Amino acid sequence: MTRPLTDRERSVLDTLLSVDVDGAAELRRAARRTVVSGTCGCGCPSIDFRPGTGMRVMVNATVAGSFDSLFLYLIDGELGGIEWVGVSDDRPTELPEPARLTITPA
């Protein structure tokens with residue numbers, strides 16, 4: 001079952017797409033229609049926009065004040081999801097505030 005992105009998820013996605021990468025303008029347009037199609041079973045804030053294989057990382061982001069990070073990935077050239085990566089047992093239940101992200105193209 002799909003659902004709309006939360007305000008935080010939308011803000012993080014927009015922030016991750018604010019860097020210049022190949023196809024960024026098209027991905028920004030596609031992001032306006034993006035919905036969540038799945039979440040991680042472990043309870044972390046990772047979200048999927050579409051199922052599939054062949055993930056290609058487009059953007060990486062570190063989270064200030066933590067050892068956590070995120071990456072935005074594509075599947076078959078379309079937005080695939082946002083993956084949260086953490087090293088502690090204390091998993092957040094939502095994505096970090098966009099102001100805490102330092103973003104770099106992959």
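Bear in mind these aren't lab numbers, they're just calculated from the coordinates by the rules spelled out. Keep in mind that this is a model prediction, so the values were computed, not measured. Backbone-built Cβ (ideal geometry, glycine too); neighbour counts: all protein chains shown.
Details
- Top-ranked residue in the stretch 66-105 [being closer than 16 Å to E9 by Cβ and among the small types (G, A, S); ranked as surrounded by the fewest Cβ atoms within 10 Å (Cβ to Cβ)]: A99
- For I103, the conditions (1) in a strand (DSSP E or B); (2) without any contact (Cβ under 8 Å) to a residue 60 or more places away in the chain; (3) among the β-branched types (V, I, T) all hold with the exception of (2).
- Those strands (runs of 3 or more DSSP E) of the stretch 1-94 in which at least 2 residues are of a type in the set (S, T, Y) and in contact with a strand residue (DSSP E or B) (Cβ under 6 Å, 6 or more places away or on another chain), considering only elements entirely within it, cover 69-75.
- Exclusive hit being touching a residue at least 12 places away in the same chain (Cβ under 8 Å), among the hydrophobic types (A, V, I, L, M, F, W, C) and surrounded by fewer than 17 Cβ atoms within 10 Å (Cβ to Cβ), set V57, V63: V57
- Picking from residues in the stretch 39-54 that are surrounded by 15 or more Cβ atoms within 10 Å (Cβ to Cβ) and not β-branched (V, I, T), the one that is farthest from D90 (Cα to Cα) is R50.
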